[in-house]
Number of protein chains: 2
Amino acid sequence: MQGLLGEKAFSLEFDLKSGLCGQRSSSKRMLSDIAGIFRNPQAAVERAEKDNPLVYEFYELPLPNHPGDLCFGTSMVYPGQVDGEYFMTKGHFHSILDTGEVYHCLSGQGMMIMENGAGDWNCLEFKPGTAVYVPKGYAHRSINIGEKPLVTFFCFRADAGHDYQSITQKGFRNLVVKGPNGPEIIANPHWS
Amino acid sequence: MQGLLGEKAFSLEFDLKSGLCGQRSSSKRMLSDIAGIFRNPQAAVERAEKDNPLVYEFYELPLPNHPGDLCFGTSMVYPGQVDGEYFMTKGHFHSILDTGEVYHCLSGQGMMIMENGAGDWNCLEFKPGTAVYVPKGYAHRSINIGEKPLVTFFCFRADAGHDYQSITQKGFRNLVVKGPNGPEIIANPHWS
């Protein structure tokens with residue numbers, strides 16, 4: 001299967017446990033690629049120099065850049081922490097800000113942290129079967145708070161696009177870290 | 001949870017095996033509601049007079065009628081046949097024809113039959129993990145060819161709307177029936 005998808009019907013197989021699709025290559029984010037998103041980037045760099053784990057991977061399908069098409073695929077965030085902060089995705093706004101996204105959790109345990117430009121934020125939990133709706137205008141990041149891969153099936157408008165830069169520059173207002181009694185949501189000390 | 005969803009983040013739990021969501025009411029289609037979609041409607045009516053089985057159910061969430069929002073939920077088509085024709089959904093076009101839809105199979109075995117106004121058609125198989133992309137402009141119908149419920153998670157643009165009438169009047173060009181060696185795709189004798 002080559003080139004643009006979606007002009008004709010097609011199907012892909014996403015393993016319900018691992019989330020992986022043998023028919024496509026995933027986009028992979030190793031710890032060295034994203035060390036700067038952690039509150040302790042130095043600890044991330046040091047860990048990356050040791051074994052540079054795969055933090056997450058996901059599928060980017062070449063659907064038409066058209067408001068009537070939908071991009072979809074799976075996202076796998078692997079278990080782990082950097083100085084007590086859970087492995088997570090970079091997080092992004094959509095370039096067309098006024099578009100939402102759905103994530104359906106297939107396996108694992110996690111959180112979706114969301115915030116908009118007006119300062120509203122929210123954090124919802126993922127367990128197998130949970131569908132989280134990310135409203136229009138919200139940056140969003142998936143966080144693995146469990147011991148197994150966090151696997152979600154996602155869907156968004158195919159022309160929505162990704163704006164990683166805005167949230168990378170400012171950071172999210174809140175972080176999810178491992179506390180003595182489990183995950184804790186704390187203010188991001190570096191938030192600007 | 002009342003009223004319009006989607007202005008704020010929210011989550012719902014869809015059981016990965018049954019597809020059911022304890023937090024919402026489903027829309028249910030009993031055999032008596034849809035007897036006319038089968039090639040032998042008389043057999044459907046007679047069966048409905050006996051035990052009137054639930055053929056399928058699905059969730060209709062009140063997301064905003066906005067092109068940046070997404071409707072999503074699960075669809076459960078139950079196993080069964082009417083005179084050798086498998087239980088299936090009515091099938092629909094979108095009212096905004098130029099919008100696609102994604103179905104991700106969580107459990108069961110089935111087929112998605114699709115056709116557009118220009119006469120192109122396709123039939124793709126569902127097994128657990130299969131994601132089927134229904135392109136813009138295609139009527140589509142889910143068919144349960146197995147012995148267990150066919151459970152899919154679906155997503156489409158929230159303003160797309162449903163046009164059930166066009167395809168109900170003409171019927172689908174092709175039907176899926178139980179043959180001696182399994183499911184067979186045959187021409188619809190009543191297609192107009």
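Computed quantities for the displayed model
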| read-out | value |
| --- | --- |
| Flag for B:GLY137 being more than 15 Å from the chain's Cα centre (by Cα), on the phi > 0 side of the Ramachandran plot and without any contact (Cβ under 8 Å) to a residue 60 or more places away in the chain | yes |
| Residue, farthest from A:PRO64 (Cα to Cα), within the stretch B:92-112, restricted to residues that are assigned to a strand (DSSP E or B) and more than 10 Å from chain A (Cβ to nearest Cβ) | B:GLY110 |
| Restricting the stretch A:33-59 to residues that are more than 14 Å from the chain's Cα centre (by Cα) and closer than 17 Å to A:MET76 by Cα, the residue that is farthest from the other protein chains (Cβ to nearest Cβ) | A:ASN52 |
| Cβ-Cβ under 8 Å pairs, at least 6 apart or on other chains, the stretch B:161-181 side on the phi > 0 side of the Ramachandran plot, far side not in a helix (DSSP H, G or I) | B:GLY161/B:HIS94; B:GLY161/B:SER95; B:GLY161/B:ILE96; B:GLY171/B:ASN188; B:GLY171/B:HIS190; B:GLY171/B:TRP191; B:GLY171/B:SER192 |
| Selection count, the stretch B:41-56, where residues are in contact with an Asp or Glu (Cβ under 6 Å, 6 or more places away or on another chain) and surrounded by fewer than 16 Cβ atoms within 10 Å (Cβ to Cβ) | 0 |
| Odd one out for A:GLY129 among (1) away from chain B (no Cβ under 11 Å); (2) touching a strand residue (DSSP E or B) at 6+ places or on another chain (Cβ under 6 Å); (3) on the phi > 0 side of the Ramachandran plot | (1) |
| Residue check, B:ILE167 part of a helix (DSSP H, G or I) and either open to solvent by less than 10 Å² (accessible area, probe 1.4 Å) or within 11 Å of chain A (Cβ to nearest Cβ) (or both) | yes |
| Residue that is farthest from the other protein chains (Cβ to nearest Cβ) [pool: residues in the stretch A:113-126 that are open to solvent by 10 Å² or more (accessible area, probe 1.4 Å) and touching an Asp or Glu at 6+ places or on another chain (Cβ under 9 Å)] | A:TRP121 |
| Looking only at the stretch B:150-161, and only at residues there that are more than 10 Å from every other protein chain (Cβ to nearest Cβ) and touching a strand residue (DSSP E or B) at 6+ places or on another chain (Cβ under 8 Å), the one that is most open to solvent (accessible area, probe 1.4 Å) | B:GLY161 |
| Output for the stretch A:1-28, where each listed residue is within 21 Å of A:ASN144 (Cα to Cα), open to solvent by 60 Å² or more (accessible area, probe 1.4 Å) and out of contact with any Cys (no Cβ under 9 Å at 6 or more places or on another chain) | A:LYS17, A:LEU20, A:LYS28 |
| B:LYS178 vs. criteria farther than 29 Å from B:PRO62 by Cα and open to solvent by 10 Å² or more (accessible area, probe 1.4 Å) | yes |
| Count of the stretch B:36-76 residues which are under 18 Å from B:GLY100 (Cα atoms) and among the charged types (D, E, K, R) | 2 |
| Failed condition for B:GLY73, given (1) open to solvent by 10 Å² or more (accessible area, probe 1.4 Å); (2) within 13 Å of another protein chain (Cβ to nearest Cβ); (3) within 23 Å of B:ASP33 (Cα to Cα) | (1) |
| Odd one out for A:GLU147 among (1) closer than 19 Å to A:GLN81 by Cα; (2) open to solvent by 30 Å² or more (accessible area, probe 1.4 Å); (3) part of a strand (DSSP E or B) | (3) |
| Within the stretch A:1-78, strands (runs of 3 or more DSSP E) holding 1 or more residues that are acidic (Asp, Glu) | A:10-13, A:54-58 |
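The values are calculated or read from the model by the stated rules, or taken from the named source; none is laboratory data. If you're wondering where the values come from, they're calculated on a predicted model, not measured in any experiment. Here Cβ is always computed from backbone atoms with ideal geometry, including for glycine, and neighbour counts include all displayed protein chains. Ligands, DNA and RNA are excluded from the accessible area calculation, which covers all protein heavy atoms including side chains. Shrake-Rupley method; radii C 1.70, N 1.55, O 1.52, S 1.80 Å.
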